[in-house]
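The values are calculated or read from the model by the stated rules, or taken from the named source; none is laboratory data. Remember, it's a predicted structure, so these values are computed and weren't measured experimentally. All Cβ positions, even for glycine, are placed from backbone atoms using ideal geometry, and neighbour counts span all protein chains on display.
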Amino acid sequence: MSTPSSESASAASTTAAEAAESAKPSRNPFARIPFAAQVIAGLVLGVVFGMIARGIGELPNGDPNWLTSTLTEIGNIFVTLLRVIVVPLIVTAVIASIANLRGVSGAARLAGKTLLWFGITALIAVSIGMALGLIFRPGENTTVAASAAEAVDTQGGWWDFLTGLVPGNILALEGGDSGVSFNVLQLLVISVAIGIAALKVGKAAEPFLAFNRSLLAIVQKVLWWVIRLAPIGTLGLIGKAVASYGWDSLASLGMFTIAIYVGLLLVLFVVYPILLRANGLSPLKFFGGAWPAIQLGFVSRSSIGTLPVTEQVTVHNLGVPQSYAGFAVPLGATTKMDGCAAIYPAVSAIFVAQFFNVHLSITDYLLIALVSVVGSAATAGVTGAVVMLTLTLSTVGLPLAGVGLLLAVDPILDMGRTAVNVAGQALVPTIVAKREGLLDLKTYNTKRSGDPFDADAPVAPEPVLAGAARST
């Protein structure tokens, strides 16, 4: 019969053996190269292969050449793998978050402050966008032909927000021409409902919550395996972008493109650092922790595809509690879009007005600001910057045909827009957690290694919200 001392000795020896095994150098030569260096190498190789593919040109029938097709498939496979993880990650993380946020008053306060900061940052971003539109006057300084103006099929509306909240089925699946997809906003609603119901059931739901916690750990491990493919995915995504979008489309919309990217850079590297400093946080530490997600957002052009990485770096690198990040980050991925829903529609609306010689009054500018601040929620069920733009134009009364003028450079702009979106989705939970006394400052200030985060590192204990310090 074993004694407690013998069992503890056995456990200690097992732990020591595992530690010794993990300390052995990996047989995989790539494991010795820092992860950040691998991603940068993928970025550089992507540019090189993309330029080669662009030099080869299209096939005689107009189809992409073999290299462009290969790069496209590599990038698509990587984004698809990330999107596969989104559904189980949101469901398990949100249910676990609701279970951990047992203090209803604390949870309500966090949710309210999260939405408040979403609005504050969006208002700042749209103000910058409108100012740049008036300074650069892109609609007057363009050579794009008026014949390019055409309305788009997909448009946004305020009713889309309400209908987008109502799930069509328990899995939030939607059918389309290209297959079945999922609605993240509906998935969030379903997960919150299940989490609240589990709390109301009480002890009978404990086995379910325990299973959910185990499943969440498994999903996070699978996610880590997918993230290790980021260097290859980056190669494909950047290579496809370079091969497909050259400088030709920028020639006629150069001033518009410059205005958009100046606004994105101002928000990312001026506004966000000021907000971090104002809340006693180091901007360099934030960007060091959030950069893997920002970088992936730039190359993938998908906030939803980047969502798993955004949530992981928010928890493991920035020190936001999992119980809060598991709710705030998915919410931000659907309603927090400073790039797509603030800067872009503001500059674009002014571009369309200038192009068609439509005078905008002070009331119109206020409407643009209002739509940009709260409008991302109205298009959350049908995400996309083009949809957000149609909502803005229709609200102000500008011609929807103006959307067609900007489609040529949309993929190039989408890279920067998504990077800013992702940065904001990590920024707001970090600021709110700091103001509520929930942020693990030791994790936040930790010096980053080559990996975006250590998947096996222990996460800081979940704080008790009822006793959390409140900022004044």
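Points worth noting:
- Where helices (runs of 4 or more DSSP H) sit wholly within region 237-334, those with at least 2 residues that are surrounded by fewer than 22 Cβ atoms within 10 Å (Cβ to Cβ) occupy 248-252, 254-266, 272-278, 283-300.
- Tally, over region 61-85, of residues that are charged (D, E, K, R) and buried (at least 16 other Cβ atoms within 10 Å of the Cβ): 1
- Criterion violated by Glu58 - all others in (1) surrounded by fewer than 20 Cβ atoms within 10 Å (Cβ to Cβ); (2) part of a helix (DSSP H, G or I) satisfied: (2)
- Count - residues of region 335-363 that are part of a loop (DSSP other than H, G, I, E, B) and more than 26 Å from the chain's Cα centre (by Cα): 6
- Check on Pro231, in a helix (DSSP H, G or I), surrounded by 16 or more Cβ atoms within 10 Å (Cβ to Cβ) and modelled with pLDDT of 90 or more: no
- From the options Ala19, Ala96, residue that is assigned to a helix (DSSP H, G or I) and at pLDDT below 80: Ala19
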